[in-house]
Amino acid sequence: MRKVLPNLITTMNLALGMVALMNAYDGRYQVAAIIVMVGMALDGLDGRVARALGAQSEFGKELDSLSDLVTFGVAPAVIMYIAALRDLGLTGDLIAVLFPIAGALRLARFNTQSGRTQYFVGLPITAAGGILSAFALYHGLIPTFWLPILTVALSYLMVSKTRYPNFKRVGLPKRAATVIPLLAVFVAILFVRHRDLVPGLVFVVLALYGGYGVWYDIRAFVRRRAKERERLERAQSK
């Protein structure tokens, strides 16, 4: 049972991906988007359970990647396609296909990387899928012109070399032992009393995480340019 539990959670995540696809196919893409967000919670849980039980395995790693591709790659692309992209004809078709392809490339690169780091290279597919699903959920509040651009941008961020924090490798302070239970109670009360606000809050958190990579790249670019100017100034002063 110790080795089965993490894989069972991963399989449940895959099942949610299929349920999201079925709801999207039936036109209930809002429900499908929320299901993808629920899948994010399971995706964050299976790895922690495996590490806590000492049940990590190559089988579980591959199963997790395959589940992620369905739940956070294919399902969000179909949700966005039904919500907005299908009205764009061939262009919408190509953009919808691009997203899961980028997600598959992102997962393949991650699975072939060696060593443990404090950051991810490229936007994780879980975050990208959650953001795209949220865009589809609130697409009525976003000008239609921006939706294909945002989908392409998320696809690019997944295959880019932009660094994102890996919170799975960040140790928690001792104070978290008291803060986390209180936070869990707050989230539970919020979900029960203000359920409609939860997807929006999840979207804000994911958008900030996704935007961090863009800010990181811009900052790194500015620093490189500044160093190049300093080198040129030193060379000219000699």
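Within the bounds of region 53-61, is there any residue that is among the hydroxyl-bearing types (Ser, Thr, Tyr), surrounded by fewer than 16 Cβ atoms within 10 Å (Cβ to Cβ), without any contact (Cβ under 8 Å) to a residue 60 or more places away in the chain and assigned to a helix (DSSP H, G or I)? Before the answer, list the steps.
Within region 53-61, the subset among the hydroxyl-bearing types (Ser, Thr, Tyr) is 57.
Imposing the further condition that a residue be surrounded by fewer than 16 Cβ atoms within 10 Å (Cβ to Cβ) reduces the set to 57.
Checking the rest, the ones that are also without any contact (Cβ under 8 Å) to a residue 60 or more places away in the chain come to 57.
Then drop every residue that is not assigned to a helix (DSSP H, G or I), which leaves none.
No, the conditions are met nowhere in region 53-61.
Which one is surrounded by the fewest Cβ atoms within 10 Å (Cβ to Cβ) among residues in region 205-238 that are touching a residue at least 60 places away in the same chain (Cβ under 8 Å) and of a type in the set (Gly, Ala, Ser)? Spell out the reasoning first.
Within region 205-238, the subset touching a residue at least 60 places away in the same chain (Cβ under 8 Å) is 206-207, 209-210, 213.
Filter once more, keeping what is of a type in the set (Gly, Ala, Ser): 207, 210, 213.
Details: ALA207: 15, GLY210: 21, GLY213: 21.
Residue satisfying both the conditions and the ranking: ALA207.
Quick check: is even one residue across region 220-233 modelled with pLDDT under 75 and either in contact with a strand residue (DSSP E or B) (Cβ under 6 Å, 6 or more places away or on another chain) or over 21 Å from GLY129 (Cα atoms) (or both)? Before the answer, list the steps.
Let us first name the residues in region 220-233 that are modelled with pLDDT under 75, namely 233.
Now restrict to residues that are either in contact with a strand residue (DSSP E or B) (Cβ under 6 Å, 6 or more places away or on another chain) or over 21 Å from GLY129 (Cα atoms) (or both): 233.
Scanning region 220-233 turns up at least one residue that is modelled with pLDDT under 75 and either in contact with a strand residue (DSSP E or B) (Cβ under 6 Å, 6 or more places away or on another chain) or over 21 Å from GLY129 (Cα atoms) (or both).
In the set VAL19, VAL36, which member is surrounded by 16 or more Cβ atoms within 10 Å (Cβ to Cβ) and without any contact (Cβ under 8 Å) to a residue 24 or more places away in the chain? Please lay out each step first, then the result.
Values: VAL36 fails: without any contact (Cβ under 8 Å) to a residue 24 or more places away in the chain.
On inspection, the qualifying residue turns out to be VAL19.
Look at region 102-126 and say how many of its residues are without any contact (Cβ under 8 Å) to a residue 40 or more places away in the chain, closer than 29 Å to ASP26 by Cα and out of contact with any Leu (no Cβ under 8 Å at 6 or more places or on another chain).
Adding up the residues that qualify gives 0.
Determine which member of the set LEU141, LEU123 is within 16 Å of ALA207 (Cα to Cα) and surrounded by 20 or more Cβ atoms within 10 Å (Cβ to Cβ). Show your work before the answer.
Numbers: LEU141 fails: surrounded by 20 or more Cβ atoms within 10 Å (Cβ to Cβ).
Only one candidate qualifies: LEU123.
Do we find that ARG86 is at pLDDT 85 or above and either among the hydrophobic types (A, V, I, L, M, F, W, C) or more than 21 Å from VAL214 (Cβ to Cβ) (or both) in this structure? Walk me through it before giving the result.
Numbers: at pLDDT 85 or above: yes; either among the hydrophobic types (A, V, I, L, M, F, W, C) or more than 21 Å from VAL214 (Cβ to Cβ) (or both): yes.
Judged against the criteria, ARG86 is a match.
Here is a check on your reading of the model: is ALA96 closer than 17 Å to VAL70 by Cβ and not charged (D, E, K, R)? Give the derivation first.
Details: closer than 17 Å to VAL70 by Cβ: yes; not charged (D, E, K, R): yes.
Yes; evaluated as a whole, the condition is true for this residue.
Just name the residue that is nearest to GLY44 (Cα to Cα) out of those in region 122-137 that are in contact with a helix residue (DSSP H, G or I) (Cβ under 7 Å, 6 or more places away or on another chain) and not in a helix (DSSP H, G or I). Don't jump to the end; show me each part of the working.
At the first step, the residues of region 122-137 found to be in contact with a helix residue (DSSP H, G or I) (Cβ under 7 Å, 6 or more places away or on another chain) are 122-123, 125-137.
Among the residues that remain, those that are also not in a helix (DSSP H, G or I) are: 122-123.
Numbers: GLY122: 18, LEU123: 15 Å.
Taking the candidates together, the pick is LEU123.
The values are calculated or read from the model by the stated rules, or taken from the named source; none is laboratory data. Owing to the predicted nature of the structure, the values given are computational and were not obtained by experimental measurement. Methodologically, a virtual Cβ is constructed for each residue, glycine included, from the backbone with ideal geometry; neighbour enumeration extends over all protein chains shown.
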